[in-house]
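See structure below.
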Amino acid sequence: MRLLGYIDPGAGSYGYQLLIAGVTGVFFFFSSIKRKFFSLFNKAEPSAGLKDTPPSKNALARESKDQSAVQRN
Amino acid sequence: MPWLASPKTRVLSNEIETGRMKVVGASFRDPSGCVIEDEGEFLRVVRPAYAEDYRFLVKSGLYQALSAQGLLIPHEEIERPDVEGAFKVLRPRQVPFISYPYEWCFSQLRDAALATLAIQKAAMAHGMCLKDASAFNIQFVEGRPMMIDTLSFERLRLRPWAAYGQFCRHFLAPLALMSWRDARLGQLLRTQLDGVPLPLAATLLPWRARLDPWLLMHLFLHAASETRVARIPPKPIQPRNFPLRSFLGLTSSLESAIQKLQWQPPKTDWAGYYQGTVTGGRYVEHKQQIVAGFLKTVQPRTVWDLGANTGLFSRLAAQSAEGVLSFDADPACVELNYLETRRARQTRLLPLLMDLTNPSPALGWDHRERMSWLERPKPDMVLALGLAHHLAIANNVPLDRMADFCARLGPWLAVEFVPKHDANARKLLHAREDIFDRYTREDFEQAFGRRFTIQDSRTVQDSERQLYLMRLRES
């Protein structure tokens, strides 16, 4: 086992997130549906955790702009 | 360290100790700015490189949203023309006592993790993103976790989160270890200042932990990808698009992972201390009356309760003092103390984990990034109740050294002497040879009398324990 890496630990996390992007995207899709479903019945959030802040319209608009910018580059 | 001839303070290099101002803590690493101390007040200097992000932090409404929710430390912008080259100088709300993640109990670290994720989600909603997710960016202020690094935000770009690995090392890994293995493993943060390495956590966790899908994804497989990269270094990182929904899903799934981690404090000897025969009944009630009387005499602003157990006497002190710190070496006691503090929304009490025989040392680069315990502001009054016999008998600390230590802490001391024939003290001697000839009440009063004057001395009912109120002698 390599005890002290030459490369800093963050290097692996970058690529790993791209690898799991599909899973985390699907998770967000289903948790949004669950949130909307529960909000129909109950004003309060079902989980004890802090509220999910949905992305602002600006953030979503930037997503499509950025995606097309990356594709152009 | 060169002393600058000019009276102005240049902020462009990390070496800005001049006159009365100096860069503090670990802030020398941050290119966006640094924290300086100026005559006891901490200020945050914003460097020109961070100007655009800082303007957006305010303009987007993120600063207002987070400070209103109590998640980000509020600040005011001040005019300091003597700090040359700064874009802005901020005076944040001053944190009464700095504590570090290795001094927190399980639930404190967990609440800090959830606060960090709430901040990240709010940031994304305002078009920003956290640059780092270090547990050292959180401090407990009025009993709640709050981010103190105002410069930790950058404009949101759809790239993988730079702070993901750090979040997993600082929060997810130690919490998983404390939940699945042993609460004492939080102490790993003392030696691993940038968080517990994921491969290390993966080795220490039981095999069953892999059955948890969140830990599998964010810890075990994440660790494996790190190990793989160490063996086969990646090509230079090309920016890759990261869909917003994946980014949001990453944050939400980390939140689910943290929420799922629980720890039930076991019934340790300490957690049930006040239900014992010697320490139950009239003893506790009378002791509380005596200590309340001492507190009324001294009227301290700040109090340290050493060996605080679950905080019974800390709560008494918090009724009148502005700030009380409860220190105990038992993770279960600190946990129970914190859970009660949180439930009661107690803002004047902060429980912390501290072993008095091995307190937090100065850590980090040049021993200057994280302060030792006694480098931090001291209290007006110390409570050392039910403590001295443990230090003397279980830890062989001579009484005069104990008195010298107490003398370093504050001008007032409430201390309890527990004689050797007390039932609890006898337990300490069960498996040891009694070499403590010099542990008598007379020795105690003589040792402490060298450094303190005894203002009051009362015997606690239903016991032979003696409670003293002492005042430090002027040297």
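The values are calculated or read from the model by the stated rules, or taken from the named source; none is laboratory data. All values reported here derive from a predicted model rather than from experimental measurement. Note that we place each Cβ from the backbone using ideal geometry, even for glycine, and neighbour counts take in every protein chain shown.
The residues of region B:176-204 that are touching a Phe, Trp or Tyr at 6+ places or on another chain (Cβ under 7 Å) and either under 21 Å from B:PHE242 (Cβ atoms) or in contact (Cβ under 8 Å) with a residue 60 or more places away in the chain (or both), listed by number, are B:MET178, B:SER179, B:ALA183, B:GLY186, B:GLN187, B:LEU189, B:ARG190. When region B:160-193 is limited to residues that are at the interface with chain A (Cβ under 8 Å from one of its Cβ atoms) and of a type outside the set (Phe, Trp, Tyr), the one that is nearest to B:LEU215 (Cα to Cα) turns out to be B:CYS168. Restricting region A:19-35 to residues that are polar (S, T, N, Q) and within 7 Å of chain B (Cβ to nearest Cβ), the residue that is nearest to the chain's Cα centre (by Cα) is A:THR24. Could you check region B:380-475 for helices (runs of 4 or more DSSP H) lying wholly inside it with 1 or more residues that are modelled with pLDDT of 90 or more? Filter on region B:380-475 gives B:399-409, B:441-449. A single entry from B:ALA51, B:ALA118, B:ALA86 fulfils the requirement of being in contact with a Gly (Cβ under 9 Å, 6 or more places away or on another chain), over 25 Å from B:THR347 (Cα atoms) and among the aliphatic types (A, V, I, L, M): B:ALA86. Looking at region B:212-230, can you tell me whether even one residue there is in contact with a strand residue (DSSP E or B) (Cβ under 9 Å, 6 or more places away or on another chain), surrounded by 23 or more Cβ atoms within 10 Å (Cβ to Cβ), away from every other protein chain (no Cβ under 13 Å) and in contact (Cβ under 8 Å) with a residue 40 or more places away in the chain? Within region B:212-230, none of the residues are in contact with a strand residue (DSSP E or B) (Cβ under 9 Å, 6 or more places away or on another chain), surrounded by 23 or more Cβ atoms within 10 Å (Cβ to Cβ), away from every other protein chain (no Cβ under 13 Å) and in contact (Cβ under 8 Å) with a residue 40 or more places away in the chain. Of the residues in region B:97-113, not one is within 14 Å of chain A (Cβ to nearest Cβ), touching a residue at least 12 places away in the same chain (Cβ under 8 Å) and more than 23 Å from B:SER179 (Cα to Cα). Filtering region B:159-211 to residues that are small (Gly, Ala, Ser) and buried (at least 23 other Cβ atoms within 10 Å of the Cβ) leaves B:GLY165, B:ALA173, B:ALA176, B:GLY186, B:GLY195, B:ALA201. The residues of region B:300-331 that are in a loop (DSSP other than H, G, I, E, B) and closer than 13 Å to B:ALA414 by Cβ, listed by number, are B:PRO300, B:GLY307, B:ALA308, B:ALA321. Residue count for region B:362-375 under the criterion of being surrounded by fewer than 13 Cβ atoms within 10 Å (Cβ to Cβ) and outside any helix (DSSP H, G or I): the result is 1.
Scanning region B:39-54 for any residue that is hydrophobic (A, V, I, L, M, F, W, C), in contact with a Cys (Cβ under 8 Å, 6 or more places away or on another chain) and surrounded by 17 or more Cβ atoms within 10 Å (Cβ to Cβ) turns up at least one such residue.
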